Amino acid sequence: MKFYGATPPASKMMRPDNMPRTEPVTGNMQERMQSVRQNAGAWFSTVLTGAIAVWAFHGLQFNFSHLSTGIARQSSQLVHLFPLNRGDWFYDLALMRTLWDPLQATMQMAIVGTVVGALLAFPVSFAAARTGYFPRPISNLVKTLLNVARAVPTLVYALVAVSLVGLGSPAGASAIAFVTFISLGKLYAEGLESVAPGPIEAVRAAGGNSVQVFIFAMLPQVLPLYLSTMLYSLEYNIKDSFIVGIVGAGGLGFSLQNAINLYKWQDAGVIIFFLVVLVNLVDYISYRVRKSFS
Amino acid sequence: MTEVIAIENLTHSYQAKTPVLDGVTLSVARGEIVAVIGLSGAGKSTLLRCVNGLVKPTGGTCRVFDTDVAALSESGKRLLRRRIGMIFQEFNLVDRSSVLTNVLIGRLAYVPTLASCFHRFPAQDVALASACLAQVGLAGYEKRWARALSGGQKQRVAIARAMAQEAQLILADEATANLDARTKTKIMEIIQDVARQRQAAVLLSMHDIELARTYCTRIVGLRQGRITFDSPASEVSEADVDEVLRRNSAGEQDDET
Ligand SMILES: Nc1ncnc2c1ncn2[C@@H]1O[C@H](COP(=O)(O)OP(=O)(O)OP(=O)(O)O)[C@@H](O)[C@H]1O
Ligand SMILES: [Mg+2]
């Protein structure tokens, strides 16, 4: 390869920190101790990783002898999941009609949950971000609360929501909104914290106030992130709203639960098929929208 | 009162280590163009940032337009800053905004907050912003995204933003560093115009000594936070320049070539 640029001045080429470090065999004591310590650290973490893996696999007690009969039994039922050579089109049409509402409910739960969650997350992210809009102790507290709340699985919130609001999709939407609010609150706060300080300084140097600092220096930097993380959580929430349904919060998940309880395998197959199509559709649309403004 | 900046015995250290500014005394009057020269790390940017209060100095006083910058409240600082146009060394443009929006940031302090939140600027402010862009040779660039500009174009947008403030004091931190020779002289001529016609005071940091000799009224040498000379541009000797640009300490290295 040819090098067209000017050759760097000799003074820069000779800078000691640019020279390759060739370690003499008899390096000084401190360096050797350091490498011994690094080696010991590497050994320790390898052994620890191995031990954890052994513990995990051993603890699970896979019983492979059960696998063959299990596969045989399941596959005979899995066949029922696929609505092949049934020929009962009237039944299918009736099923379409009964599943149409739960399908809509699943989408509505996901959309309402995402929008409400994002709207709630927006103001709270200001409190959580260490940007100087709020005192440090407050942002630390809000951040800790968000972290704690994030560790609780969606299903738990769904159970609480069902007991508060009653069975049905309003409960599911509330649970999803809450979970979205928690995770977006944290992500939005991190977005605010990672904003480049230069534009903020420019607005302040021109005499702008803190509202103008936000609108002109911060918002243009975080808005694409805000929207794309919101769409991400919509994709995620479609699946979540299905799972939430299983504990009685309405939608397709609830229908699936009912179908399984009544041994209606064909219904279950159709429901899962709907979910797969829905998830992929939303993923695709969200991907296109995210691409358009990134 | 012709003195716009009156700095007295200013000291500043960032992390309680060696001071970055060490007893700087300097004044800049209306119509003056004062260049601060010095090696990289000498404290030029820090000095400029003390003038508009972006850096709070650890000692000494800095009076601008007859008010002590350090003693001002937040709103007082805003009122002072809108009278000071600052051109940053790193441009500090909002990459994801249009060129016009970037220049209009220079007008923010003159627009009601609520109107500005909806990007509603008075027509004369928009016209002024466009005129400033035309002045730096970027007419017709209003709708372009700032992030899609070259380094020199970004620098000129930053200059236009400071010009849009119609300030009585301009702080320019190496405002011509990324420009070609002809654009450099054009920018310096604009700065000269502002100083002569509006009787504004200009304090700039620069590395190009010939440019400083041609366009500035006074040149100040800054070395390790101390002023080594402060004399009219025509009286600056080679020895003065050599003294301030002599490199022998580990902390300073002239990165510009
Ligand atoms: N925010 C900061 N925090 C800590 N140290 C800083 C900060 N800004 C600058 N410094 C230090 O202060 C010293 C002076 O920096 P300053 O930016 O004022 O130099 P300068 O003369 O503008 O250099 P250049 O020509 O490279 O722009 C440097 O040693 C730098 O490392
Ligand atoms: Mg600098």
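The values are calculated or read from the model by the stated rules, or taken from the named source; none is laboratory data. Bear in mind that the values here come from a model prediction, so they are computed numbers and not experimental data. A quick note on method: Cβ atoms are made from the backbone with ideal geometry, for glycine too, and the neighbour counts reach across all protein chains shown.
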Can you tell which of B:Thr67, B:Thr46, B:Thr58, B:Thr113 is more than 16 Å from ligand 1 (Cβ to nearest atom), hydroxyl-bearing (Ser, Thr, Tyr) and more than 8 Å from every other protein chain (Cβ to nearest Cβ)?
B:Thr67
Residue, nearest to A:Gly269 (Cα to Cα), within segment A:41-88, restricted to residues that are among the hydrophobic types (A, V, I, L, M, F, W, C), modelled with pLDDT under 80 and surrounded by fewer than 10 Cβ atoms within 10 Å (Cβ to Cβ):
A:Ala72
Identify all residues within segment B:177-210 that are within 22 Å of B:Glu238 (Cα to Cα) and in a loop (DSSP other than H, G, I, E, B); write none if there are none.
B:Ala177, B:Met206, B:His207, B:Asp208
Only one residue in A:Val247, A:Val279 is touching an Asp or Glu at 6+ places or on another chain (Cβ under 9 Å) and either among the hydrophobic types (A, V, I, L, M, F, W, C) or in a helix (DSSP H, G or I) (or both). Which one?
A:Val279
Can you tell which of A:Val289, A:Val276 is within 20 Å of the chain's Cα centre (by Cα), within 23 Å of A:Thr180 (Cβ to Cβ) and free of Cβ contacts under 8 Å to residues at least 12 places away in the same chain?
A:Val276
Give the number of residues within segment B:87-109 that are within 17 Å of A:Pro197 (Cα to Cα) and part of a strand (DSSP E or B).
1
Looking only at residues in segment B:72-103 that are surrounded by 21 or more Cβ atoms within 10 Å (Cβ to Cβ) and of a type in the set (Gly, Ala, Ser), which one is farthest from the chain's Cα centre (by Cα)?
B:Ser97
Please work out if B:Gly106 is within 18 Å of the chain's Cα centre (by Cα), within 15 Å of ligand 1 (Cβ to nearest atom) and not polar (S, T, N, Q).
no
Among (1) at the interface with chain A (Cβ under 8 Å from one of its Cβ atoms); (2) modelled with pLDDT under 95, where does B:Ile84 come up short?
(2)
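Matching residues to (1) in a loop (DSSP other than H, G, I, E, B); (2) exposed (fewer than 15 other Cβ atoms within 10 Å of the Cβ); (3) among the aliphatic types (A, V, I, L, M):
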residue: B:Thr18; (1), (2), (3): yes, yes, no
residue: B:Val34; (1), (2), (3): no, no, yes
residue: B:Leu48; (1), (2), (3): no, no, yes
residue: B:Val55; (1), (2), (3): yes, no, yes
residue: B:Cys62; (1), (2), (3): no, no, no
Tell me, yes or no, whether segment A:89-109 has at least one residue that is buried (at least 22 other Cβ atoms within 10 Å of the Cβ), of a type in the set (Val, Ile, Thr) and assigned to a helix (DSSP H, G or I).
yes
Give segment A:158-212 a look and list any residue that's more than 18 Å from A:Arg130 (Cβ to Cβ) and among the hydroxyl-bearing types (Ser, Thr, Tyr), or say none.
A:Ser163, A:Ser169, A:Ser174, A:Thr180, A:Ser183
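Name the residue, out of B:Val51, B:Val94, that is of a type in the set (Val, Ile, Thr) and within 15 Å of ligand 1 (Cβ to nearest atom).
Exactly one of B:Val51, B:Val94 is of a type in the set (Val, Ile, Thr) and within 15 Å of ligand 1 (Cβ to nearest atom), namely B:Val51.
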Cβ pairs under 8 Å, 6+ apart, first in segment B:216-236 and among the basic types (Lys, Arg), second buried (at least 19 other Cβ atoms within 10 Å of the Cβ) and assigned to a helix (DSSP H, G or I):
B:Arg223/B:Val244
Residue set B:Gly23, B:Gly60, B:Gly38; condition within 16 Å of ligand 2 (Cβ to nearest atom) and over 20 Å from A:Glu201 (Cα atoms); output residue B:Gly38
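B:Arg226: within 13 Å of ligand 1 (Cβ to nearest atom), of a type in the set (Lys, Arg) and touching a strand residue (DSSP E or B) at 6+ places or on another chain (Cβ under 7 Å), yes or no?
On the way: within 13 Å of ligand 1 (Cβ to nearest atom): yes; of a type in the set (Lys, Arg): yes; touching a strand residue (DSSP E or B) at 6+ places or on another chain (Cβ under 7 Å): yes.
Considered against the rule, which asks whether it is within 13 Å of ligand 1 (Cβ to nearest atom), of a type in the set (Lys, Arg) and touching a strand residue (DSSP E or B) at 6+ places or on another chain (Cβ under 7 Å), B:Arg226 comes out as yes.
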Residues (within 7 Å of chain B (Cβ to nearest Cβ) and crowded, with 24+ Cβ neighbours inside 10 Å) located in segment A:177-203:
A:Pro199, A:Ala202, A:Val203
Take segment A:190-249 and flag every residue that is within 19 Å of the chain's Cα centre (by Cα) and of a type in the set (A, V, I, L, M, F, W, C).
A:Leu192, A:Val222, A:Leu223, A:Leu225, A:Leu227, A:Met230, A:Leu231, A:Leu234, A:Ile238, A:Phe242, A:Ile243, A:Val244
